[in-house]
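J.: Would you mind keeping the following structure in view while I ask a few things?
The values are calculated or read from the model by the stated rules, or taken from the named source; none is laboratory data. The structure presented is a predicted model; accordingly, all values stated were derived computationally and were not measured. Note: ideal-geometry Cβ built from the backbone for every residue, glycine included; neighbour counts use all protein chains shown. Accessible surface is based on the protein model in full, side chains and every heavy atom, while ligands, DNA and RNA are left aside. Shrake-Rupley method; radii C 1.70, N 1.55, O 1.52, S 1.80 Å.
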Amino acid sequence: MNAYLQRCRSVLKSSINKIAVIGNESCDLDSAVSAITFAFHLQHSPKLLSPWYKPDTIVYPVLNVTRAELPLKTEVTFFLKRQGIALDELICRDDIDWPTEQALNVVLVDHHVSSLNQNIVGIVDHRPVEAAARFNPNAFKTIELVGSCATLVCRQLFSDGISPEEREGYNVALGLLYAAIVLDTVNFSKEADKAKPLDYNMAERIESQLQITEQVRSLHREQLFKSLVDARSDVSELNAYQLLLKDLKIISQNDRTVSVPGFPMAVQEYIKLPEWKEYLNRFATSTESNVVILLGMKVHPDGSVRRDVGVIPIDGTPLAKKIIAALHACQEMNFELEEIPCSENGTFYQQHNLKASRKQLIPIVKNVLSTIQ
């Protein structure tokens, strides 16, 4: 795997035919490993890319984060290093001069709407299709509502077949995908209810491939999940500003911007951090946000989950009120929000529906923004 990643970096500035596989801008473990493993697979089994793949083509992964922000993705850096992957060999978003790479073909993983001007030739995603989504009719497309994008990548790997000559690299890839599935499904928690039958099936196929026996499966998953949650929650070196950048989605439409940072802690814990208000205002200025929606998720040692929400108006109190009203009125997904009395600026909620996540919240926010004149 490292030899493949080294080759990708070495040809980054060359003029050979290149295809980039890029995850979403939150660059969580699912997004990062989906990009790395799918690019690796497409390089060795390029059937899906047949219209765009030439004999000298290099397919390389891109982490959709700047090099400076990568250390904020603590569970990503932790697990990649644990799998023996050299972080210096990875390609980050700012390693590419996008304006000069207009001819670059791109595959999107873990998202299906992009602001890139490049030609989108493929999509693998596990979230609901956005109303504004427009697809290249010639691109390959897999969008299914499963617990993890890694599950869909894994199915493609097994469907195409694993090259015996690349067994070592594929074993690393499967280990990466397995970790993302376990983390994204909250270790197949019934309470979180993220896992679908395909998630279970792919995890079991990986376990068989990596010789994780049924006798140790449960303990292996528990230990892996705990290590990933601990790494994700290890924010001891991060201040309140860096936490806002750690797992961030930004939605812009009709001259309004809503930022949605996700925390590996409760929002109520975040607003007790030193200088959080000053950092939030600095963050809102840098992102030109009218509203900031804070999403907290704390995983307790017993595997139980707590979710809470904070809606902070920056210079958009009417917009914040519209978003809150839309969240309460949503028919497709009841967030079961219970307001928490708080003296801070903003409206704060305990979220009792643990199944509802940012994946369900973002379409609601986009719909509100679409109605603004």
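J.: Could you tell me whether the stretch 233-335 comes out rounded, prolate or oblate from its Cα gyration tensor? Rule is a ≥ b ≥ c as square roots of the eigenvalues, rounded for a/c under 1.5, then prolate if a/b exceeds b/c, otherwise oblate.
T.: oblate
J.: Same structure again: Over the stretch 207-328, what is the relative contact order in percent, taking alpha-carbon pairs closer than 8 angstrom and at least six residues apart?
T.: 20
J.: Could you tell me the largest-minus-smallest coordinate of the C-alpha atoms of the chain on each of the three principal axes, in descending order and whole angstroms?
T.: Between the extreme Cα coordinates on each principal axis of the chain lie 61, 52, 39 Å.
J.: As I understand it, the dipole of the stretch 11-98 uses +1 on the Cβ of Lys and Arg and -1 on the Cβ of Asp and Glu, about the Cα centre. Which of 35, 74, 51 lies farthest toward its positive end?
T.: So the residue we want is 51.
J.: To the nearest 10 degrees, how steep is helix 149-160 against the longest Cα principal axis of the chain, on a 0 to 90 scale?
T.: Result, in degrees: 20.
J.: Suppose a student asked you for the relative contact order of the chain, using Cα pairs under 8 Å spaced at least 6 residues apart; what percent would you report?
T.: On the way: 647 pairs, mean separation 47.7, N = 373.
Relative contact order of the chain: 13 percent.
J.: Now a separate question. State, as an integer percentage, the relative contact order of the stretch 60-188 based on alpha-carbon contacts under 8 Å between residues 6 or more apart.
T.: 18
J.: I would also like to ask the following. R0 = 45 Å: FRET efficiency of residue 282 with residue 218, Cβ-based, nearest 0.05?
T.: Calculated value: 0.50.
J.: Give me the accessible area of residue 56, 1.4 Å probe, in Å² rounded to the nearest 10.
T.: 80
J.: Which of the pairs 190/322; 194/322; 141/196 have their Cα atoms more than 25 Å apart in this structure?
T.: Long pairs (Cα-Cα over 25 Å): 190/322; 194/322.
J.: Along the Cα→Cβ direction, 7 angstrom out, place labels at residue 119 and residue 326. What is the inter-label distance in nm?
T.: 3.5
J.: Further, regarding this structure: Based on DSSP H runs of at least 4 residues, each adding -39500 (n - 2.57), what is the mean residue ellipticity at 222 nm of the chain after dividing by all its residues, to the nearest 500 deg cm²/dmol?
T.: That comes out to -12000 deg cm²/dmol.
J.: Using only Cα atoms, find the angle between the long axis of helix 29-44 and the longest principal axis of the chain, and express it within 0 to 90 degrees, rounded to the nearest 10.
T.: The answer is roughly 20 degrees.
J.: Counting Lys and Arg as +1 and Asp and Glu as -1, each charge on the Cβ, what is the dipole of the chain about the Cα centre in debye, to the nearest 20?
T.: In debye, rounded to 20, the chain gives about 480.
J.: Quick check on packing: order 63-74, 174-185, 2-13 by the mean number of other C-beta atoms within 10 Å, highest mean leading.
T.: Order by mean packing, descending: 174-185, 63-74, 2-13.
J.: Could I ask something else about it? Using the charge dipole of the stretch 86-159 (Lys, Arg: +1 at Cβ; Asp, Glu: -1 at Cβ; taken about the Cα centre), state which of 87, 123, 105 has its Cα farthest towards the positive end.
T.: 123
J.: In degrees between 0 and 90, to the nearest 10, how far off the longest principal axis of the chain does helix 214-233 point, with axes built from Cα atoms?
T.: Rounded to the nearest ten degrees, it is 50.
J.: Quick one: of the DSSP bridges fully inside the chain, what percent are antiparallel, nearest 5? Intermediate values should be presented prior to the final figure.
T.: Working: 24 of 47 bridges.
Around 50 percent of the beta bridges assigned by DSSP in the chain are antiparallel ones.
J.: Using a ≥ b ≥ c from the Cα gyration tensor of the stretch 97-217 (square roots of the eigenvalues), is it rounded, prolate or oblate, where a/c under 1.5 gives rounded and otherwise the larger of a/b and b/c decides, a/b for prolate?
T.: The shape class here is oblate.
J.: Give me the one-decimal nm value for the distance between modelled label points at residue 340 and residue 100, 7 Å along each residue's Cα-to-Cβ direction.
T.: If labels sit at residue 340 and residue 100, their model points lie 4.8 nm apart.
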